[in-house]
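Notes to accompany the following structure.
The values are calculated or read from the model by the stated rules, or taken from the named source; none is laboratory data. What you are looking at is a predicted structure, and each value in this text was computed from that prediction instead of being measured. Methodologically, a virtual Cβ is constructed for each residue, glycine included, from the backbone with ideal geometry; neighbour enumeration extends over all protein chains shown. To get the accessible areas, we keep the full protein, side chains included, count just its heavy atoms, and leave off ligands, DNA and RNA. Shrake-Rupley method; radii C 1.70, N 1.55, O 1.52, S 1.80 Å.
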Amino acid sequence: MSNKEIKNSQTDIEAVASDELSDRRAFFKKAALSVGALAGTSLLANEHASSGEDDPFIMHHVKWGQKLGDPVTKNRYGMPSKYEHNVTRRNTKLLASGNFQASIAVTPIHESMGIITPNGLFFSRSHGGVAHVDPNEYRLMIHGLVEKPLVLTLEQLKKYPSVTRTHFIECPANGGQEWRGPQFNSLQFAKGFMSCAEWTGVYLKDILKDLGVKPEAKWILAEGSDNSEMGRTIPMDKVMDDAMIVWGQNGEALRPEQGYPVRILLPGWEGNLCVKWLKRIKLSNEPFFAKEETSKYTALKPSGKAIQHFYANEVNSTVTSPSPEIPWKDVKVGDLIEIEGLAWSGMGTITGVDISFDGGKNYVEANLKGLVLPKCWTRWSYIYKYEGKKIILASRAMDDAGYIQPTVDQETLITGIEAVYHRNGIETWEVAPDGTVSHMQMRSTLKRDETGKVVIDKEAK
Amino acid sequence: MFKVNKLIISASIAASAAFFMTACNSEASASGASHSGATAASTAYANGKAVIDGGVVYPVVNGKTSDYVVDTQAESMTFNYGRTPTANELAAWDTDVTHIKLPPEGSGSVEEGEELYEAQCVMCHGDFGSGGGGYPSLSKGNAVELQKTLTNQRFDPDADGPSRFFGSYWPQASTMWWYIHDGMPHPMSKSLSVDETYALTAYMLNINEMVVDGVEVDDDYVLDQEKFSKIVMPNVDGFEPEIRGKDGIENVRAYYQDASNFGGQKVNPSERCMKDCLEPTAKPTYIAGTGISDFLPPMSTVRDLPKEEGGFDVKAAYESACAMCHSAFLAPGSSDWDSYTGEGMDVVYKKGLAGTEGGMPAKGGASFTDAEFKTIVDYLVSGK
C-alpha cells in the first residue's frame, strides 16, 4: 500500500490529513499476516473419522472430565470461555484521531450470533475517552423551553415506568473508509461499527409530558458529561416519537463504553446522536451547531455542499457467513452450506433480502428468520449448494419505508466519494473455489462531465 | 410474503402528547409493511406531517406498536419525580454557545492565544494547527481559498481531496468557542478561562487567515464578544438542508422526503430489479495492495488458550497514556530528554509524578502506581 493510499484512508476516517506518516509507515512494514492464513489452524477431530480411525477425543477420557471443575463461587461475574479470547473488539491506528481516546473499537460481527451483541463486544466509540461516572453523583438536567425545568438523580430517573426495546446502534462511518474502493479484507472492520442490544429506559416524551413543553420548542440539545462534553441537536419530532433515555443494556446496567449510567437512544439514528454519559437536555427553538454536527458527521456532496442533520442509518445488509475472517473450509461440490447475513434499517423494518452469486447482477430471494423488529438487526439465510466455482456474494435489503439498498454506482453518482458518512451501497465478497473470501466492490469509474455533473466514465479501463 | 393488518386505532392517547403521537394513517401507510401480528408502519405522524427522517413510525394500535405490547396505564398519569434546578445550577450547566447565544463577555488577543497554543495544544495539533500523527488539523491555510476545494472529488486517486478544516468548512464560529471551552485541551478539558478561550479562538481565526467585519485577524488582533458576534464563516451556507430559522424543521422534513437528496433508492418491492441489475461498466474492484490490516489485536479466529500475560506491558501503557503527547515531543529515546535528565532520574520521576507548569499533567493524567509510572518514564527516556 502506498503512502498516498494510507494517507487517503486516514482522510476518510475523520477527514483528517496528516503529513507525519513515519510512525504509521513503520506499522505497515510489519505487514500483518493475511487474515485467511490466521484463520486456518484448528483441531479438527473429524480428520480421524474420515480416515476410518477412531477419534481419540471420543476413545479417551477428555482432560476436563476427570478432575473437579471450578466452584460456583469463582467468577462472581461470569466470563466467556478462555478459548474464546480471540472474539474481541478490535481497533486500528488508522481509525484514531491521534490517540485511542478519540477512536473506535469495532465489533467482531463475523462471530456474532442471532441479533444481540453481548455487552462486552458492543462497539465502543468515544471522543474524549470512556468516562467512569459515579452513579451517586449522576444528575440529569432538563431545561430550556419548558415550564418546569427538572433535575433528576439516577434513582429518580429509574422510577419512571420502564420500556424495553431491541435496536441496533450504528456509527454512520460504518463502511465509510471504502467510498473510493475496498480497504479492509475483514468483516469486523468493513461493517463492525455497529451492534444491537435490548435497551431499557423511559421514553423521553413520557418525562417531558409533565414538564410543560413550550410550543416554540423545535429542537433539543443532548449533552454528555464526558471529557469532550459531546453534544448533538435532535429534532422534537424524534423526541416525541421513540427517543429513549436508557440505563439498561441486555438485562444489566449500561457498560461504561455505552455511557454508564445513562445515554440517550434514538432508534435507527446515527450512533453519534445517541449521546452517552448524558447530563443535560435543553429544549430550544434553534439548533446548536455542535462540533459533531458541523466539523464531523456531515456528508459532503459533489456540489461542495454537505448534508447536515443526517439522521437515520439507511437500509443496509451484509453477508456474515462466509466472511474474510471465517471462510468456507473443507467444502466439496454438492455440499449444502448456509449463507447467513444481517440486514438493518434505521428508517423502519426489514421486509426482505435478496442474494446474488454474481456480484449483484442477478438476484434470488433469501429468507428472513427469527424476530423481525423495527430498527433492529434482522437475520437472513440462504442454503446454497456448493458448486466448486468462484462466486461473488452480494446481499440487498429492503425496508417498510420503501427503500432498497443502492448499488455502489447508484449511491456514488448522487453523493460522490467524499461523503465519509452514511454509505449503504451493496457489499460484495468474492468466494474463491477453495472457499477463501475477499472483500471487493462492483463499481464503475466516475468523472465529471462538462457541466460538472458526476457521471460514469465509459472510456475508463 | 407479508400481510398488512387493518387494526383499530387505540383511543387512549395522552392528551398532552397527542399532537406528536402517531396514529394509523391508512393513506400514508407504507406498502407491504408489517408481518402478521405486528401493527403497520406509517409514513406520517398523527398530525399528518411526514416522518422527519424519511422513514416510518409505528402507531400504537390495539395496545401494540409493531411487535411490542405497550403498557398504556402510565400515559394518563403525572409523575412528579426530581426537583427544579436552582438558578445557579442552571447557569453552571447552560454553557452552550451557538449562533443565537454568544459566549460570555471577555476578550483575548492572538498573541495570548499563540502562547496558550504553544503551551497546551501544539503537542497534538502541530505547528500553526497543521495536525499530525492523526490529530486533527486546525488549519491548512487561507479559509476562503480552501473553501473552494470542497467540490474536490478524488475520482483520480492522485487528486487532492476537499479541505475540511475550521476556516474552510465549519458553518459557525460559535462551535469553536464552545468546543475549546468545554472540550479542550484534550487531556484536561474545562480548564480554560473565558478570556483564554477568546484568545485561542482569536488564534484559530488568525491561522486560518480570516477576516472579521472587514478587518484582517492579524497578529495584533484582540477578539471580544462584540467582534465575535460579527464573525461570518466563509462556508456558512455550505450545508443542506437549512436548519436555522423558523422553517428549519420543515426544511429537514422536506429534504428527507426526496430520496435523491441523500442517495436513497425507493422501490416498489414487486418491481425491484432481479435480473441484470448492474451498470455494464461496473467491474470487480479489489483492495489496493494489502489494504489496511494493522489490527489490534491481530485478526484471529483460532480457539486456543490465551498466552499468559507477562506482567506490566510498558509499551502498551505508553501507547494508551503518554503517546498522545509524547509521540511528537519528548518521544521514547529522543535526544529531547537530555535537557531534562541533567539533575538525575529521581528529579525526572518526581516532576513527572507531580506534573509541571510546562504542560505535563500529574502522572500524565493516568492512574498508574508510582512504580508503574517510573517504569514508563524509564522507557520514555531510554527508548527501550
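Within segment A:431-441, track down each residue that is touching a Lys or Arg at 6+ places or on another chain (Cβ under 7 Å) and open to solvent by 10 Å² or more (accessible area, probe 1.4 Å).
Residues satisfying the conditions are A:A432, A:P433.
Could you run through segment B:238-266 and say how many residues are within 21 Å of A:S345 (Cβ to Cβ) and in a loop (DSSP other than H, G, I, E, B)?
Matching residues across segment B:238-266 total 4.
Being touching a Lys or Arg at 6+ places or on another chain (Cβ under 8 Å), surrounded by 20 or more Cβ atoms within 10 Å (Cβ to Cβ) and not assigned by TED's automatic domain parsing to the domain that holds A:Q183, is that true of even one residue in segment A:383-393?
No, every residue in segment A:383-393 fails to be touching a Lys or Arg at 6+ places or on another chain (Cβ under 8 Å), surrounded by 20 or more Cβ atoms within 10 Å (Cβ to Cβ) and not assigned by TED's automatic domain parsing to the domain that holds A:Q183.
Residue check, A:E325 against (1) of a type outside the set (A, V, I, L, M, F, W, C); (2) within 7 Å of chain B (Cβ to nearest Cβ); (3) over 24 Å from A:G192 (Cβ atoms), all met but one. Which one?
(3)
Working carefully through the options B:E357, B:E308, B:E279, find the one that is among the charged types (D, E, K, R), away from chain A (no Cβ under 14 Å), in a loop (DSSP other than H, G, I, E, B) and open to solvent by 60 Å² or more (accessible area, probe 1.4 Å).
B:E357
May I ask you to list the residues in segment B:125-140 that are open to solvent by 20 Å² or more (accessible area, probe 1.4 Å) and touching a residue at least 40 places away in the same chain (Cβ under 8 Å)?
B:F128, B:G133, B:L138 - these are the residues of segment B:125-140 that are open to solvent by 20 Å² or more (accessible area, probe 1.4 Å) and touching a residue at least 40 places away in the same chain (Cβ under 8 Å).
So for segment B:249-261 (the condition being loosely packed, with under 15 Cβ neighbours inside 10 Å and facing another protein chain (nearest Cβ under 7 Å)), does at least one residue qualify?
yes
Determine, yes or no, whether A:P135 is part of a loop (DSSP other than H, G, I, E, B) and open to solvent by 20 Å² or more (accessible area, probe 1.4 Å).
Yes; evaluated as a whole, the condition is true for this residue.
For segment A:174-255, please list each of the strands (runs of 3 or more DSSP E) lying entirely inside it that holds at least 1 residues being at pLDDT 95 or above, of a type in the set (D, E, K, R) and not assigned by TED's automatic domain parsing to the domain that holds A:V420.
A:194-203, A:219-224, A:231-235
Residue-wise test of (1) touching a helix residue (DSSP H, G or I) at 6+ places or on another chain (Cβ under 7 Å); (2) within 11 Å of chain B (Cβ to nearest Cβ).
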{"site": "A:E198", "(1), (2)": "no, no"}
{"site": "A:V202", "(1), (2)": "no, yes"}
{"site": "A:P215", "(1), (2)": "no, yes"}
{"site": "A:A222", "(1), (2)": "no, no"}
{"site": "A:I234", "(1), (2)": "yes, yes"}
{"site": "A:D241", "(1), (2)": "no, yes"}
{"site": "A:I245", "(1), (2)": "yes, no"}
{"site": "A:A253", "(1), (2)": "no, no"}
{"site": "A:G259", "(1), (2)": "no, no"}
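Name the residues in segment A:262-272 that are in contact (Cβ under 8 Å) with a residue 40 or more places away in the chain and away from chain B (no Cβ under 11 Å), would you?
Within segment A:262-272, A:V262, A:I264, A:L265, A:G271, A:N272 qualify.
Hey, can you tell me all the residues within segment A:356-368 that are closer than 22 Å to A:N185 by Cβ and open to solvent by 20 Å² or more (accessible area, probe 1.4 Å)?
A:F357, A:D358
When the residues of segment A:137-158 are narrowed to those that are within 7 Å of chain B (Cβ to nearest Cβ) and more than 31 Å from the chain's Cα centre (by Cα), which ends up farthest from A:A217 (Cα to Cα)?
Step by step, filter segment A:137-158, then rank; the result is A:Q156.
For segment A:324-355, name all the residues that are open to solvent by less than 10 Å² (accessible area, probe 1.4 Å) and over 24 Å from A:K375 (Cα atoms).
A:P324, A:E325
Report yes if some residue within segment B:317-325 is closer than 21 Å to A:S103 by Cα and aromatic (F, W, Y); otherwise report no.
Yes, the conditions are met somewhere in segment B:317-325.
With respect to A:T107, is the statement that it is polar (S, T, N, Q) and farther than 23 Å from A:D242 by Cα true?
yes
Looking at segment A:442-461, which of its residues are within 7 Å of another protein chain (Cβ to nearest Cβ) and loosely packed, with under 12 Cβ neighbours inside 10 Å?
A:K458, the sole residue that qualifies.
Let me spell it out: the conditions are (1) part of a loop (DSSP other than H, G, I, E, B); (2) open to solvent by 20 Å² or more (accessible area, probe 1.4 Å), and B:E89 meets all of them except one. Which number is the exception?
The number of the failed condition is (1).
Could you grab me the full set of residues in segment B:62-79 that are open to solvent by 40 Å² or more (accessible area, probe 1.4 Å), farther than 25 Å from A:L371 by Cβ and within 7 Å of another protein chain (Cβ to nearest Cβ)?
B:T78
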